[in-house]
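Reading through the structure tokens given below for one structure.
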Amino acid sequence: MEKQFAGVAGTDLEGTQIAYFGYGSLVNRATLRTDIVDIIPARLVGWRRIWRPRPDMPGFPAALLTVRREPGSVCDGVLIVDRAENLAAVDAREARYRRIRLEPVELEISPAREGAASVDVPIYVYEADPELPPHREPPMILQSYLDAVMQGFLAVHGEEGLRRFLAETYGFAETPIRPDREKPTYPRAVMLSDVERALFDTLYGEHGLRLAAG
């Protein structure tokens, strides 16, 4: 993970800006914990979103969302413009990820946002540390985490974008969902409206997502 901005409060970098691409829970503004500058619909080019086993979740073998470089693939999400002094806090949130600097050609920013195409700051993406060993048991997706991700995609990219998220993310077919919606395990769990809940459950069926027993 790059560390050049870590712990920058009180230095000459304080007050400057950076940006990072969100493709999972970061897409949902309600999960953000820093005083961001802006959040812009965007697309990562040459990368694919995947589910990966997470070895450090206590109690059960969780899966996390990450991305990997894959020529010809694209990944919807958001560009989060933040203050450089907040980057240490974001690094802490993404503790099992490494922060990678993106090249301009790897990012498409929504032209619908005035001035968005002129974002001229260092831009990063967080990729799960590939050296972390997977859990010995098959992984499961936390439903409370998935709810937060799906709510974010619905708000930013609409129902069409939400369907793309489900269709284009590798690993849904192999990874069951742990049903914790009523008693969330995810620390940044969100509240769903009745409309969102009904839509998400319908999309589960359409895309072959399955709940784990118990």
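Any read-out appearing in this document is the output of simple, stated calculations on the displayed coordinates, not a laboratory observation. Not measured: the values here are computed from a predicted model. Don't worry about glycine lacking a Cβ; one is built from the backbone with ideal geometry, like all the others, and counts go over all protein chains shown.
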Where q = 0.27 Å⁻¹, what log10 of I(q)/I(0) comes from the Debye formula for segment 144-214, counting one point per Cα?
-1.54
In segment 60-159, which trypsin sites (Lys or Arg not before Pro) are in a loop and have at most 10 other Cβ atoms within 10 Å, using DSSP for the loop call?
136
Taking the mean number of other Cβ atoms within 10 Å as a proxy for protection, how do you rank 197-205, 160-168 from highest to lowest?
160-168, 197-205
What does the helix-only formula give at 222 nm for the chain: each DSSP H stretch with n ≥ 4 adding -39500 (n - 2.57), the total divided by the residues, and the result rounded to the nearest 500 deg cm²/dmol?
-7000 deg cm²/dmol
Grab the Cα-Cα distance for residue 183 and residue 108, subtract it from 0.36 nm times how many residues apart they are, and report the gain in nm with one decimal.
23.3 nm
Segment residue 69-residue 88, length gained on full extension (0.36 nm per residue, minus Cα span)
4.4 nm
Under 5 Å between amide hydrogens, which residues at least 5 positions from residue 73 or on another chain qualify, with H placed 1.01 Å from N in the peptide plane?
46, 47
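Tell me, what is a quarter of the convex hull surface for the C-alpha atoms of segment 17-206, in nm² with one decimal?
In nm², the orientation-averaged hull projection of segment 17-206 is 10.8.
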Using the beta-carbon distance between residue 131 and residue 212 and R0 = 25 Å, what value does 1/(1 + (r/R0)^6) give for FRET efficiency, to the nearest 0.05?
0.35
Between residue 178 and residues 5 or more places away or on another chain, which pairs have amide H atoms under 5 Å apart, with H built 1.01 Å from N, and which residues are they?
141, 142, 143, 212
